[in-house]
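Notes for the one structure printed next.
The values are calculated or read from the model by the stated rules, or taken from the named source; none is laboratory data. Only a predicted model underlies this, so the values are computations on that prediction, with no experimental measurement involved. Cβ atoms come from the backbone with ideal geometry, glycine included; neighbour counts cover every protein chain shown.
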Amino acid sequence: MNSLPALPACCTPLDAHWPLPEAVPHCVFLSTRFSPSQLTADDFPRSRIEPPASIQRSVAKRQAEFLAGRLCARAALRQLDGTDNVPAIGEDRAPIWPAHVSGSITHGTGRAAAIVASKRHWQGLGMDLEDLLSAERAERLAGEILIPAEMQRMATGSAEQIALLVTLTFSVKESLFKALYPLVRKRFYFEHAEVLEWDIHGQVRLRLLTDLSSEWCNGTELQAQFGLHEGQLLSLVAIPS
């Protein structure tokens with residue numbers, strides 16, 4: 001098997017440290033820090049990653065986060081089962097994983113990560129990284145992200161708690177979409193899921209509010225988890241096979 005190319009200067013060495021409160025067995029997780037200012041014109045060819053046209057036309061930040069995410073994904077697939085694969089972007093904008101693999105890629109300010117597993121163990125994986133919202137921005141966005149029941153539960157919190165809750169709700173609903181969309185091939189939105197409860201230990205309970213398939217229907221409950229680190233929130237929805 002060919003060795004992977006050296007990482008570009010814009011990315012730090014890949015880190016396998018598990019950042020969430022509960023381990024997910026049979027998964028490979030890798031993350032990296034990236035710096036758009038250190039991205040160079042030949043980082044893609046030297047990394048043996050072909051950027052799609054939309055990425056080639058984009059700004060340095062978007063190019064760097066795409067490259068960092070794909071570097072994590074390729075290395076994670078290599079660790080999982082020796083697959084030498086860089087997930088392409090599908091017409092629906094989602095990564096195209098090998099048929100036997102579930103996976104998810106995410107990036108936030110200066111950080112990217114990927115998680116992969118065999119579908120024998122996990123039929124769906126969804127991961128999302130968000131910068132914590134400021135109190136002012138959380139208040140502005142709450143009505144777009146939270147349903148009325150979530151807004152009601154939020155009302156008694158402090159400004160700091162509200163900012164965390166809005167960020168958390170946004171992130172876990174994004175993770176839910178990433179985990180379920182490959183299974184149902186049907187788009188759904190913030191109003192189609194509800195965060196029922198969460199705790200300081202990083203556990204979250206969600207409920208679907210729409211029918212996506214015969215298996216994934218209105219009222220189905222799922223678990224998620226999240227972790228906070230250096231002003232960012234990482235969430236994960238892992239659906240066992």
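Condition test on Val28, is it within 26 Å of Leu183 (Cβ to Cβ) and in a strand (DSSP E or B)? It is true that Val28 is within 26 Å of Leu183 (Cβ to Cβ) and in a strand (DSSP E or B).
Given the options Ala149, Ala155, Ala142, name the one that is out of contact with any Lys or Arg (no Cβ under 6 Å at 6 or more places or on another chain), free of Cβ contacts under 8 Å to residues at least 12 places away in the same chain and within 23 Å of Asp199 (Cβ to Cβ). Result: Ala155 is the single residue among Ala149, Ala155, Ala142 that is out of contact with any Lys or Arg (no Cβ under 6 Å at 6 or more places or on another chain), free of Cβ contacts under 8 Å to residues at least 12 places away in the same chain and within 23 Å of Asp199 (Cβ to Cβ). Taking (1) over 18 Å from Pro51 (Cβ atoms); (2) free of Cβ contacts under 8 Å to residues at least 24 places away in the same chain in turn, Glu91 satisfies each apart from (1). Considering (1) within 22 Å of Phe170 (Cβ to Cβ); (2) hydroxyl-bearing (Ser, Thr, Tyr); (3) in contact with a Cys (Cβ under 6 Å, 6 or more places away or on another chain), the lone condition that Ser104 does not fulfil carries the number (3).
The number of residues in segment 129-145 that are loosely packed, with under 15 Cβ neighbours inside 10 Å and assigned to a loop (DSSP other than H, G, I, E, B) comes to 1.
Select from segment 14-68 the residues that are hydrophobic (A, V, I, L, M, F, W, C), at pLDDT below 95 and more than 22 Å from the chain's Cα centre (by Cα) and write down the one among them that is nearest to Ile239 (Cα to Cα). Looking at the filtered set, the residue picked out is Ala53. As a summary of the residue check, Leu164 satisfies the conditions (1) touching a strand residue (DSSP E or B) at 6+ places or on another chain (Cβ under 7 Å); (2) at negative phi; (3) touching a residue at least 24 places away in the same chain (Cβ under 8 Å) except for the one numbered (1).
Would segment 77-97 turn up any residue that is among the charged types (D, E, K, R), touching an Asp or Glu at 6+ places or on another chain (Cβ under 8 Å) and more than 20 Å from Ser175 (Cα to Cα)? Yes, some residue in segment 77-97 is among the charged types (D, E, K, R), touching an Asp or Glu at 6+ places or on another chain (Cβ under 8 Å) and more than 20 Å from Ser175 (Cα to Cα).
Residues in segment 202-213 that are under 23 Å from Gly108 (Cα atoms) and either small (Gly, Ala, Ser) or modelled with pLDDT under 95 (or both): Gly202 alone. Scanning segment 146-156 for residues that are loosely packed, with under 13 Cβ neighbours inside 10 Å and outside any helix (DSSP H, G or I) yields Ala155, Thr156. Pairing each residue of segment 229-241 that is outside the structural domain of Ile115 (by TED's automatic domain parsing) and part of a loop (DSSP other than H, G, I, E, B) with any residue that is of a type in the set (Val, Ile, Thr) and at pLDDT 95 or above, provided the two are 6+ apart or on different chains, yields no C-beta distance under 6 Å.
Of the numbered criteria (1) modelled with pLDDT under 95; (2) more than 14 Å from the chain's Cα centre (by Cα), the one Ser118 fails is (1). The single condition from (1) out of contact with any Cys (no Cβ under 7 Å at 6 or more places or on another chain); (2) assigned to a strand (DSSP E or B) that Ile115 fails is (1). Residues that are modelled with pLDDT of 95 or more and more than 27 Å from Ser118 (Cα to Cα) do not occur anywhere in segment 177-184.
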